[in-house]
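Let me begin by presenting the structure, written as structure tokens, before commenting on it.
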Amino acid sequence: MPKIADIEDTPNPNAVKFVLKEPLSWGIAHSFENAEQAKVDPLAAALFAIEHVSNVFYVDRWLTVTQDGEADWPELTRLVAVPIRAAPAADAQTAETVAAASETLEALSPEDKARVAAISALLDSDIRPYLQSDGGDLYIVNLEENLLSVHYQGACGTCPSSISGTLRGVENLVRTIEPNMIVVAI
């Protein structure tokens, strides 16, 4: 059962990040944008059963809950802490789980896989640490010619600055290695 080590505000006023003492997953991000998506995940389903929860994102030792803007954070924090503490800690991830998480990108050509790997390494070093410290993340969804599709998760998924300033920052960074790249958030 993960113990909550800290609760942090994020730049998104409707999202709070829970830092945990034990991991919920081993490197695999889990993002749910509605209760229907969350049905497959007991923790996310329990969180969406709480009124006002509108997004759940977790990976490793942290979890971000986003609300609809109608709840009082101190009260909502107490409610969401219960299923977080009741959730089982992560089991070791299997190669099968990792393969499923990257299935979409596996269909790319070897050249495009190399491009995605270079872009991902750049994002890992220059973008993701900042997003993760704020309770969110982004991952590459697809690459088609010079169009890179990314998806924001957690606090970043509903934060206005993600779709404006941060997305342009990501695009400018990616253009340092792929000058003609267009980055879109989906």
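Run the paramagnetic zone check for ASP60: 7 angstrom along Cα to Cβ, then residues of the range 111-128 with backbone nitrogen under 17 Å.
Under 17 Å, as judged by backbone N against the label point of ASP60, lie 120-128 of the range 111-128.
Would you calculate, for the chain, the mean residue ellipticity at 222 nm contributed by helices, counting each DSSP H stretch of 4 or more residues as -39,500 (n - 2.57) and dividing by all residues, to the nearest 500?
Mean residue ellipticity at 222 nm (helix-derived): -10000 deg cm²/dmol.
Choose one of VAL174, PRO129, PHE57: the residue whose Cα lies farthest towards the positive end of the charge dipole of the chain (beta-carbon charges +1 Lys, Arg; -1 Asp, Glu; about the Cα centre).
Of the candidates, PRO129 comes out farthest on the positive side.
Within 10 Å of each residue's Cβ, count the other Cβ atoms and sort THR10, THR64, THR104 from fewest upward.
Fewest-to-most ranking of THR10, THR64, THR104: THR104, THR10, THR64.
With a 10 Å radius around each residue's Cβ, average the other Cβ atoms per peptide and rank 37-45, 69-77, 140-148, 12-20, highest first.
12-20, 37-45, 140-148, 69-77
Based on the mean of other beta carbon atoms within 10 Å per residue, what is the order of 54-63, 80-89, most packed first?
Descending packing order for the listed peptides: 54-63, 80-89.
I want to make sure I understand the PRE zone here: with the label point 7 angstrom from the Cα of GLU33 toward its beta carbon, which residues in the range 107-151 have backbone N atoms less than 15 Å away?
So the set is 137-142, 149-151.
Does the chain come out rounded, prolate or oblate, given a ≥ b ≥ c as the square roots of the eigenvalues of its C-alpha gyration tensor, rounded meaning a/c under 1.5 and, failing that, prolate meaning a/b above b/c?
Verdict is prolate for the chain.
Can you tally the net charge around VAL184? Count Lys and Arg as +1, Asp and Glu as -1, for every other residue whose Cβ sits under 11 Å from the Cβ of VAL184.
-2
Using the Cα centre as the reference, give the magnitude of the dipole from point charges on the C-beta atoms of the chain (Lys, Arg: +1; Asp, Glu: -1; all else neutral), rounded to the nearest 20 debye.
Using only the charged Cβ atoms, the result is roughly 360 debye.
Residue separation times 0.36 nm, minus the C-alpha to C-alpha distance between TRP73 and SER161: what's the value?
Gain in length upon complete extension: 29.6 nm.
Readers should treat all values here as calculations from the given coordinates under stated rules, not as data from a laboratory. Note that the coordinates shown come from a computational prediction; the quantities given were computed from them, not determined experimentally. Note: ideal-geometry Cβ built from the backbone for every residue, glycine included; neighbour counts use all protein chains shown.
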